[in-house]
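Values quoted throughout were computed directly from the atomic coordinates according to the rules given, and no laboratory measurement underlies them. Since we're looking at a predicted model, the values are computed, not measured. Cβ coordinates were reconstructed from backbone atoms using ideal geometry, including for glycine residues, and neighbour counts include every protein chain displayed.
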Amino acid sequence: MPVLYRLDRRLFTSVLFISRGVLPTTPQRPQFLGCSTPRPNPARAVSTAHNTACMPPPRVPPNTPASPPPPRLSSSLLLLDHQSRVLVVQRSHTKSMSFSSAVVFPGGNLDPTHDSFLLPPASPPLPTALPPGQLDPSPELVTALKVCAIRETFEETGVLLADPRSPDQPPPAESDLSRARSLLLDTESTTTTTFSFSQVLASLNLTLLLASLHPFTTWITPPHLPKRYHTAMFLCFLPPTALPALPPSPSSEILQCRWLHPRDLLREYHAPAPASATKPLLFPPQLYLLTTLASFLRAPAPAPALLSLSQSAFGKYVIQPYTKRADGMDKTKALLGIDKPRGDKAVWLRARFGKDGPAEVEVLEREDWRGEGPRARQTGAEAAGAKL
């Protein structure tokens, strides 16, 4: 049976998220970025820009480059435990370059140094972006993106999805795992250390549980922003006996780690105004995915339905959000389409944007873009799940 290693036997708990990130946006020119941010160290390749999806403004700004930069490949992990709780992390307010305090799924940018060791020997160098017009990565690149998601989750939370290479091999000591994690983080914060993820696994005699990761949508930053990302989301179920501890690392940009049922996290987010100081800072892509998870996790045994959803058209969604203006809509809010180039045609996302980031993010039926209908709305994924 697969084993999930843990760095500490104490379950890490935390207080409610405090969202105090500042976005360089105004209501007249709304935009949103996905949940994570580049790390401040310039020597390290940006590895925390996962889960990123940006909303273009109603009109193209004058300084928009003629040729938008290619979206950088990244991946993120939606990790569910046996209590139907999802693993989320909160970015540090002081150690993130921007969009601090955001609640995110663990993940980060594809790194050829760490994530290419499972490719065939004759493979070309691992790309950091897909060719223009290509939406889907090759099978070899999907493998590298899974490695990236597992590696970043280990770095950010201490959770390592790996098995011993030998059935009679005991699990590595917590001190060995902690030291290996520190070496990885030190490697990414300096140009002199070259301790790779493959060396970490070899030293511990571990093999990654790649087959436990399942596709769960892809999000692309629209072309008007200078930094763009092509983020593959993966769904993963923890082994039933696993109880990982989540101590933040002093060298990580993660402030807090939590296991929360998506329904509870959404309840915190939609809390009344008096509780606004403790609301998590959620971005539209994360709220959409949490809403989808919450709808499927109502069932007593949700895993088969979620796996079927992953294998359906939903798992192949590639979403580049865009803005739609509608007569009569509050000008401080933006209506976001998520059906292009290959996404959910059943819903809009709507959000209010200000100096403190996105607020009042909602999932709306296409026919109810004003949000005047019932509050329980069905995403395309939920509709597909009803037929499974």
Here FRET efficiency (C-beta to C-beta, E174 to D330, R₀ 45 Å, nearest 0.05) is 0.30
Zone reached by a paramagnetic label modelled 7 Å from Q134 Cα along Cα→Cβ, restricted to segment 145-161 with backbone N below 15 Å, covers 145
Ordering 114-127, 202-215, 221-234 by per-residue average of other C-beta atoms within 10 angstrom, highest first, gives 221-234, 202-215, 114-127
So the FRET efficiency between F117 and S308, C-beta based with R0 = 30 Å and rounded to 0.05, is 0.40
Classified through the alpha carbon gyration tensor (a ≥ b ≥ c as square roots of its eigenvalues; rounded if a/c is under 1.5, else prolate when a/b is larger than b/c, else oblate), segment 160-237 comes out oblate
